[in-house]
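The values are calculated or read from the model by the stated rules, or taken from the named source; none is laboratory data. Treat the numbers as computed from the prediction; the structure is a model and nothing was measured. FYI the Cβ positions are ideal-geometry reconstructions off the backbone, even for glycines, and counts take in every protein chain you see.
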Amino acid sequence: MSERHGFTRRQFNAALAASGTLAALSPFGIARAQATKLKVGVLLPRSGFQGFIGQSCQKGADLAPGVIKDLLGVDIELMNADTETNVDTARTRAERLIQEGAHVLVGPFDSGAASAIAQVAEQRGVPFVINIAAAPPITEQGYKFVFRNFPTAPDLVRNGLSLMGDLFRATNTAPRTAVFMHVNDTFGQAMFKGISATLPNLTNLPFKVVETISYDPAAKDLTVEVSKAKATNADFLMLVCRLNDSIILRREMIKQRWNPMGIISPGSPGMYEEQFAKVLGKHADYCISNAPWFNPKMNLTKVVDAAFRKQNPKEQFVFHGTNVAYTFESILIAADAFKRARTTDPKTLADAIRQTNITDRVGLGGPIKFNAKGQVEGNLSACAQNLNGRPTVVLPLSAAEAKPVFPMPSYKA
């Protein structure tokens with residue numbers, strides 16, 4: 001550029017830099033404005049048979065921008081999309097969010113939907129941070145843009161079965177038999193494989209599975225399945241469920257007067273959800289969920305709890321704790337990476353996510369750090385038993401709010 005055009009190239013770039021307009025130069029010397037806001041595409045099943053859980057997760061997303069702004073000084077714009085509890089819809093909504101300018105995707109609670117979104121994210125080269133989804137293959141594909149801050153199904157199984165042993169020792173019980181019922185979706189099948197592979201090797205657990213029964217999580221009637229389970233005369237029910245089916249199943253157990261020693265989930269949602277307690281009342285009590293949980297002793301948990309109560313004054317954080325904690329953390333991961341990367345360039349942002357090391361967190365477990373596969377290791381579970389109408393941590397002892405009750409009281413009692 002010659003002097004007679006007013007500015008030399010060096011003067012032009014210097015002026016832009018001084019004004020804050022020039023944030024970076026591409027390899028071709030083209031000026032690129034630095035993004036001042038992170039656009040997060042949030043994909044959740046806010047309708048369909050997982051709608052209640054999706055809406056619960058959404059509460060964690062909704063409070064994230066305010067908390068993260070105070071925490072990191074990062075501005076976040078949420079771009080919300082409903083997967084409608086449908087894998088194909090999840091895929092198309094992910095495509096649309098990327099087309100509309102989402103810098104990073106977050107969600108989607110469901111393993112089937114997560115697998116579909118992961119393919120889209122990888123093809124389009126947009127970072128995807130999974131909040132809740134446990135099927136192992138999602139982070140076994142060699143993806144470069146897919147990250148998960150949630151235990152895999154084998155991790156859930158190991159944590160959940162270990163807590164079962166702790167429960168039996170804490171209550172001086174030794175059930176000998178269990179009937180295993182599980183949903184037959186992607187998550188349920190992954191849990192079935194994990195339990196089948198892990199349980200035979202755990203010599204410290206006193207029980208054996210005498211029957212395995214799978215069912216559709218969208219089922220409206222579980223009469224036959226419950227009747228079959230009851231006929232085994234197993235000491236307790238080991239259950240991998242979702243929300244709606246867990247309500248239907250529990251009602252059918254009451255109808256058929258089936259009263260085993262207890263109902264224990266080795267690592268699934270459903271029985272700790274608010275809707276489970278609201279619909280079933282006293283019959284929701286004593287059900288046990290060994291699930292990833294929030295750590296009430298962490299500073300960030302207290303901040304998130306306060307923000308939740310402010311936005312949802314008529315609701316209790318404990319009913320949404322896992323959903324809120326892991327959804328909030330997935331957005332926190334993206335915001336923390338954006339703050340360090342100082343750009344929304346997808347590859348740079350993905351590289352920054354890969355270097356995450358968040359020690360003050362909400363979820364129970366160690367720091368949020370990703371391994372080479374994009375998986376966080378060290379997330380832990382708690383034994384949450386429904387007592388007096390709310391999920392209550394009874395194990396581990398370091399986080400316990402009450403003592404476990406097992407066997408559960410009979411219907412007559």
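Results, tabulated for the structure shown:
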item	result
Lone qualifier among Ala350, Ala399 - being out of contact with any helix residue (DSSP H, G or I) (no Cβ under 7 Å at 6 or more places or on another chain) and within 26 Å of Ala277 (Cα to Cα)	Ala399
Tabulated pairs, region 196-209, first over 10 Å from Arg176 (Cβ atoms), second at pLDDT below 95 and of a type in the set (Val, Ile, Thr), C-beta under 6 angstrom, 6+ apart or interchain	Thr198/Val157
Single unsatisfied condition, Ala15 versus (1) modelled with pLDDT of 95 or more; (2) assigned to a helix (DSSP H, G or I)	(1)
Total residues in region 117-138, condition surrounded by fewer than 23 Cβ atoms within 10 Å (Cβ to Cβ) and not in a loop (DSSP other than H, G, I, E, B)	7
Flag if Phe370 is surrounded by fewer than 21 Cβ atoms within 10 Å (Cβ to Cβ), closer than 22 Å to Phe109 by Cα and in contact with a helix residue (DSSP H, G or I) (Cβ under 8 Å, 6 or more places away or on another chain)	yes
Long-range neighbours under 7 Å by Cβ, at least six apart or interchain, first residue within 25 Å of Asn244 (Cβ to Cβ) within region 162-191, second of a type in the set (A, V, I, L, M) and part of a helix (DSSP H, G or I)	Val179/Ala229; Phe180/Ile195; Met181/Ala229; His182/Met191; Ala190/Ala153; Met191/Ala153; Met191/Leu156; Met191/Val157
Sole exception among (1) modelled with pLDDT of 95 or more; (2) within 30 Å of Pro136 (Cα to Cα); (3) in a helix (DSSP H, G or I) for Ile53, by number	(1)
Odd one out for Phe150 among (1) at positive phi; (2) surrounded by 23 or more Cβ atoms within 10 Å (Cβ to Cβ)	(1)
Ser381, sole failed condition from (1) in contact with a helix residue (DSSP H, G or I) (Cβ under 6 Å, 6 or more places away or on another chain); (2) free of Cβ contacts under 8 Å to residues at least 12 places away in the same chain; (3) of a type in the set (Ser, Thr, Tyr)	(2)
Listing of strands (runs of 3 or more DSSP E) fully contained in region 173-284 that carry 2 or more residues being at pLDDT 95 or above and surrounded by fewer than 19 Cβ atoms within 10 Å (Cβ to Cβ)	208-215
